[in-house]
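Enquirer: Below is a structure I'd like to ask you about.
The values are calculated or read from the model by the stated rules, or taken from the named source; none is laboratory data. Quantities reported herein were computed from a predicted structural model and do not represent experimental measurements. Cβ: placed from backbone, ideal geometry, glycine included. Neighbour counts: every protein chain shown. Heavy atoms of the whole protein, side chains included, go into the accessibility calculation; ligands, DNA and RNA do not. Shrake-Rupley method; radii C 1.70, N 1.55, O 1.52, S 1.80 Å.
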Amino acid sequence: VSENLEHYELGLAAQKIYDFLWDEFCDWYIEMVKPRLYNKDDNTREAALWTLKTVLINALKMLHPFMPYITEEIWQTIKAEGETVMLAQYPAADEKLIDKDVEKSFEYIKELISSLRNIRAEAGISPAKPAKVVIKSSDESELNTIKENYFFITKLGNLESIECGKDMEKPAQSGFRVTGNSEVYMILTGLLDIEAEVKKLKAQLDKVAVELEKMNAKLSN
């Protein structure tokens, strides 16, 4: 963002702040730390609160040149630090805090959760129904990411369980996605209304058959 501002690329700078705040911070980080925030016995709760506050305060500083009034209003409401955001030191990037391995793991988690949500949406399964997932991968870093973040992945994906490994077999009646180097299967047994699904697919098939008949009639004319 600082580089964009130095080159007067205001649109790019604003887009990066927007993407970070809405996508990474609000959509993902806040959702991931909710279980820690709601559990007062969790010894990482204070760390999560500190991170939330620190990121929000620095995000307000970054956003202030673009949205001065609303950032000042939020600053005064949360009593961030100092008298006003206008006099606050603009944040500077710290290369030492960048961890490429953590970023790669987190991108995998995001992609995995999105894949699971897409399987549910395609099959018409409610997000409220807990599901079982099987993941086959020969990528050790992906398997380690799943094991180290098992709690977050099961919470965000509303999963009953995750089985993962190099030699997992494809379960019968399952939704499928490829995520990174992983084959991801959501077991649909017990979640899917088979009769309703068959009826839906038959209706789609009938619709395609009608379209095909129209096309053939045009082509033969």
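Enquirer: So, counting K/R as plus one and D/E as minus one, what does the shell of residues with Cβ under 14 Å around CYS26 add up to? Spell out each step's value before the answer.
Expert: Values: positive: LYS34, LYS110; negative: ASP19, ASP23, GLU24, ASP27, GLU31.
Local net charge: -3.
Enquirer: If you don't mind, another one. Relative contact order for the chain using alpha-carbon pairs under 8 Å, separation at least 6, rounded to a whole percent? Let's see the in-between values first.
Expert: Working: 198 pairs, mean separation 32.2, N = 221.
The normalised contact order for the chain reaches 15 percent.
Enquirer: Hey, if you put +1 on the Cβ of every Lys and Arg and -1 on every Asp and Glu Cβ in the chain, which of ALA93, TYR108, ALA123 ends up farthest toward the positive end of that dipole?
Expert: In the chain, that residue is ALA123.
Enquirer: Let me ask something additional. Calculate how many DSSP beta bridges within region 37-191 are antiparallel, expressed in % of all such bridges and rounded to the nearest 5. Don't skip to the answer; put the middle values down first.
Expert: Details: 12 of 18 bridges.
About 65 percent, rounded to the nearest 5.
Enquirer: Pairs of Cα atoms under 8 Å, at least six residues apart: use those to get the relative contact order of region 119-167, whole percent.
Expert: Relative CO of region 119-167 lands at 49 percent.
Enquirer: On to the next question. Per DSSP helix of 4 or more residues, -39500 (n - 2.57); summed, then divided by the residues of the chain. What does that give at 222 nm, rounded to the nearest 500?
Expert: Values: 9 runs with 120 residues, N = 221.
Theoretical 222 nm ellipticity from helices: -17500 deg cm²/dmol.
Enquirer: Using every alpha carbon pair in region 1-119, what percent of pairs falls into each 10 Å bin from 0 up to the bin containing the largest distance?
Expert: Histogramming region 1-119 at 10 Å steps yields 11, 34, 37, 16, 2 percent.
Enquirer: Continuing with the same structure: Return the long-range amide H neighbours of LEU188 (sequence gap of 5 or more, or a different chain), with a cut-off of under 5 Å between placed amide H atoms.
Expert: When sequence neighbours closer than 5 places are left aside, the close amide H contacts are SER174, GLY175.
Enquirer: State the percent of C-alpha pairs, over all pairs in region 66-108, separated by a distance greater than 11 angstrom.
Expert: On the way: 662 of 903 pairs.
Looking at region 66-108, the distances longer than 11 Å represent 73 percent of pairs.
Enquirer: Okay, moving on. Determine the percent antiparallel among the DSSP beta bridges restricted to region 115-201, to the nearest 5. Show your work: numbers first, answer last.
Expert: Values: 12 of 18 bridges.
Taking every DSSP beta bridge within region 115-201, about 65 percent pair in antiparallel fashion.
Enquirer: Add +1 for every Lys or Arg and -1 for every Asp or Glu among the other residues with Cβ under 14 Å from the Cβ of ALA128, and state the total. Let's see the in-between values first.
Expert: Details: positive: ARG117, ARG120, LYS129, LYS155; negative: GLU160.
Taking every Cβ under 14 Å from that of ALA128, the sum is +3.
Enquirer: Give the span of region 50-90's Cα atoms along each principal axis, as three whole-Å numbers ordered largest to smallest.
Expert: 24, 17, 16
Enquirer: Using a 1.4 Å probe and counting only protein heavy atoms, arrange HIS64, HIS7 so the residue with the most accessible area comes first.
Expert: Numbers: HIS64 30, HIS7 120 Å².
The most accessible residue leads, giving HIS7, HIS64.
Enquirer: Just check region 73-166 against the gyration tensor rule for me: Cα atoms, a ≥ b ≥ c as the square roots of the eigenvalues, rounded for a/c under 1.5, and otherwise prolate or oblate depending on whether a/b exceeds b/c. Show your work: numbers first, answer last.
Expert: Working: a/c = 3.54, a/b = 1.80, b/c = 1.97.
Oblate, since a/c reaches 1.5 and b/c is not below a/b.
Enquirer: With +1 assigned to the C-beta of every Lys and Arg and -1 to the C-beta of every Asp and Glu, and no other charges, what is the dipole magnitude of region 1-136 about the Cα centre in debye, to the nearest 20?
Expert: Details: 17 positive and 23 negative charges, 177 e Å.
Computed charge dipole of region 1-136: roughly 840 debye.
Enquirer: Can you pull the percent of the chain's accessible area that's carbon plus sulfur, 1.4 Å probe, other chains left in place?
Expert: C and S atoms contribute 56 percent here.
Enquirer: Taking all pairs of distinct Cα atoms, average 1/r, flip it, and tell me the Kirkwood hydrodynamic radius of the chain in Å to one decimal place.
Expert: Working: mean 1/r = 0.0469 Å⁻¹.
For the chain, the Kirkwood estimate is 21.3 Å.
Enquirer: Rolling a 1.4 angstrom probe over the protein heavy atoms, how many square angstrom per residue are accessible across region 161-217? Walk me through the numbers on the way to the answer.
Expert: On the way: 4120 Å² over 57 residues.
Counting only protein heavy atoms, the per-residue value for region 161-217 is 72 Å².
Enquirer: Taking a quarter of the surface of the convex hull around the Cα atoms of region 114-221, what do you get in nm²? Please list the in-between numbers first.
Expert: Details: hull surface 35.1 nm².
Approximately 8.8 nm², given one-decimal rounding.
Enquirer: Further question: Apply the a/c threshold of 1.5 to the C-alpha gyration tensor of region 175-221 and tell me whether it is rounded, prolate or oblate. List each step's numbers first, then the result.
Expert: Details: a/c = 8.71, a/b = 1.85, b/c = 4.71.
It is oblate, given that a/c is not under 1.5 and a/b is not larger than b/c.
Enquirer: Right, here's the next one. What are the lysines whose alpha-carbon lies under 24 Å from the alpha-carbon of LYS170, with same-chain residues fewer than 8 places away excluded?
Expert: In chain and number order, the partners are LYS110, LYS129, LYS132, LYS136, LYS147, LYS155.
Enquirer: Taking the alpha-carbon centroid of each part, what is the distance from region 139-190 to region 1-57 in angstrom?
Expert: Here the two parts' Cα centres lie 27 Å apart.
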